[in-house]
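The numbers here are math on the coordinates, done by the rules we state, and not lab data. Remember, predicted model here, so these are calculated numbers, not experimental data. Here Cβ is always computed from backbone atoms with ideal geometry, including for glycine, and neighbour counts include all displayed protein chains.
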Amino acid sequence: MTIRILVPVKRVVDPNVRVRLNAAGAIDTAGLKMSLNPFDECALEKALQLKEAGVAAHVTVLTCGLPTHQDVLRTALAMGADDAVLIDTGAATSTLDSLAVARLIAAHMSDADYGLVLCGKQAIDGDIGGVAAMLAALLGWPQALNASALDAVEGGWRVVCGDDAGTSTWQLDGPAVISADLRLAEPRRVTLPSIVKAKQKPLAVREAGAIGASLAAQSSVIALSDPPVREAGVKVEGIGALLDALAAQRVFEAAGA
């Protein structure tokens, strides 16, 4: 099996950076370090492993956003991706939702022959996790979400998916959309020589308007706020006092015990 893999990625605030709201009630990203979404990074690593195993012949990374978002594409190229695509969404970038991104990716795929879309299960900024499922629906492809293991089998893929209820194993036939959990693969380190080589790899820029996909948002953020300040804890003298305190908070009833 020698297929082309598409890995959609997103540029997010670095997970080690604390975000704050500005006076307008929006996240202030000025001066903050931006990086490749960790879930997408794991998806890319798995795609590269499939290529190294001879399952795939080519790995393309894609992001939707502004020209400044090319930095995460260069990081992905330094990891080992063969080429990259930036879909420039211009002024619509700030209002892009999951469906608009899925539409853009699906429209882009109409011009290329991919056998697998492998992406992160969610982005750490919005935590919505809707792009993979929406893209699969638009393409009419089978999907497997929250994948923690992925292997190529005859004519398709065997995927182990997990959620709060446990794990399940699926076999998908033919082209598929799979979203990666953090357990799917451990991202490799990016070395200085690979960063230099990445500058020579192709990075194409496509205008969103020329693709023809609708960028109209179907959802919007009503408001953002900081989480409430955590209240001080309570010290108890022994097990009996602890049980009484838990009973007073009705902890066991809330847990269904």
Which residue, VAL190, VAL131, VAL117, tops the fluctuation ranking in a GNM of the chain built on C-alpha contacts under 10 Å?
VAL190
Hey, for a label at GLN49 modelled as a point 7 Å past Cα toward Cβ, could you say which residues of region 103-119 have their backbone N under 17 Å away?
117-119
Expressed as a whole number of Å, what is the distance separating the alpha-carbon centroids of region 145-159 and region 223-246?
43
Taking every pair of alpha-carbon atoms in region 4-97, give the share separated by more than 23 Å as a whole percent.
30
So which trypsin sites (Lys or Arg not before Pro) in region 1-100 pass both tests, a DSSP loop state and at most 15 other Cβ atoms within 10 Å of the Cβ?
ARG18, ARG20, LYS33
Report, in debye and to the nearest 20, how large the dipole of the chain comes out about its Cα centre when Lys and Arg carry +1 and Asp and Glu carry -1 on their Cβ.
660
List the longest stretch of the chain that has no exposed loop site; here a site is one of the GluC sites (Glu not before Pro) assigned by DSSP to anything other than H, G, I, E or B, with at most 14 other Cβ within 10 Å.
1-153
Spacing of the two label points (7 Å from each Cα toward its C-beta) at ILE128 and ALA204, in nm
2.6
Between THR95 and GLU231, what FRET efficiency follows from the Cβ-Cβ distance if R0 is 30 Å, with the result rounded to 0.05?
0.25
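Helix-only mean residue ellipticity at 222 nm, the chain, DSSP H runs n ≥ 4 weighted -39,500 (n - 2.57), per residue, nearest 500. What is it?
-8000 deg cm²/dmol
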Antiparallel content of DSSP bridges confined to the chain, in %, to 5:
40
Once Rh for region 44-136 is found with the Kirkwood sum over Cα pairs, what is the Stokes-Einstein diffusion coefficient at 20 °C and 1.002 mPa s, in µm²/s?
152
Given region 203-257, what whole percent of its Cα pairs are spread farther than 14 Å?
78
With Rg and Dmax of the Cα atoms in Å as the read-out, I listed [x] 17.4, 57; [y] 21.1, 69; [z] 17.8, 51; which label goes with the value calculated from this structure?
[y]
Holding the Cα-Cα limit at 19 Å, pick out from LYS46/LYS197; LYS10/LYS33; LYS46/LYS121 the pairs that are longer than that.
LYS46/LYS197
Extension gain, ASP113 back to ILE239 (0.36 nm per residue minus Cα-Cα distance, nm):
39.0 nm
